[in-house]
Amino acid sequence: MKTIEDIIRDNAHLFESAEPPEGHFERFSIKLEMRGRKAGIRKSIVPYLLRAAAVTLLVTLSSLWTWEHFLRPSSSRMTLGDVSPQYREVENYYIHQVNLLENKIRSADIVYDEMHARMLTSEIKSMDSVYVRLQTELKANPGDERIISAMIEHYQTKLEVMTYIVNQLQSLSSENQNAGKNENTEI
């Protein structure tokens, strides 16, 4: 049985004789240019939307954290620091790390709009509402290790999400810088 390669080699003269119709290469070039323009428009919008979503999420999370820790009375809640000095250290570490990531996100040059701010606010509220419930449960059961574990896992998850956002912003920033360099070299 012959393979496809053998068939092509045996009939090479049939493939070499045909030429594309008149104007084929010009039409092909025009189609490629049109496709490149459409892709360029999509690529230029996506980084801004992702940045806006990240900033919105960060602003919402930080405002909720500020509200929960400074502005709202915490008489019905208990923090990890209230349980023991070791947990206070753990809680301070996570709070410090969250603040560092919030500063990184704030320092990024990002377009910000109201829709993304609302979306980020609702997501952060849902994350923080879980933590508030855990604090309330801890107040009712101060020695329950399951609640303490859940609170620490909440901080870890929050850090992972914020780290992901920072990484995405950094990659978008580097892509935009590379795109800007490419545009400058073409001009």
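The values are calculated or read from the model by the stated rules, or taken from the named source; none is laboratory data. For clarity, every value in this text was computed on a predicted model and none was experimentally measured. Note that we place each Cβ from the backbone using ideal geometry, even for glycine, and neighbour counts take in every protein chain shown.
Selection of first residues in the stretch 71-82 that are outside any loop (DSSP other than H, G, I, E, B) and surrounded by 15 or more Cβ atoms within 10 Å (Cβ to Cβ) and of second residues that are among the aromatic types (Phe, Trp, Tyr) and at pLDDT 75 or above, restricted to Cβ pairs under 6 Å at least 6 apart or on distinct chains, gives the following pairs, ordered by first then second residue: 80/87. Within the set 64, 57, the sole residue that is under 30 Å from residue 177 (Cα atoms), at pLDDT 80 or above and not charged (D, E, K, R) turns out to be 57.
On inspection, residue 5 fails the criterion of being modelled with pLDDT under 75 and more than 18 Å from the chain's Cα centre (by Cα).
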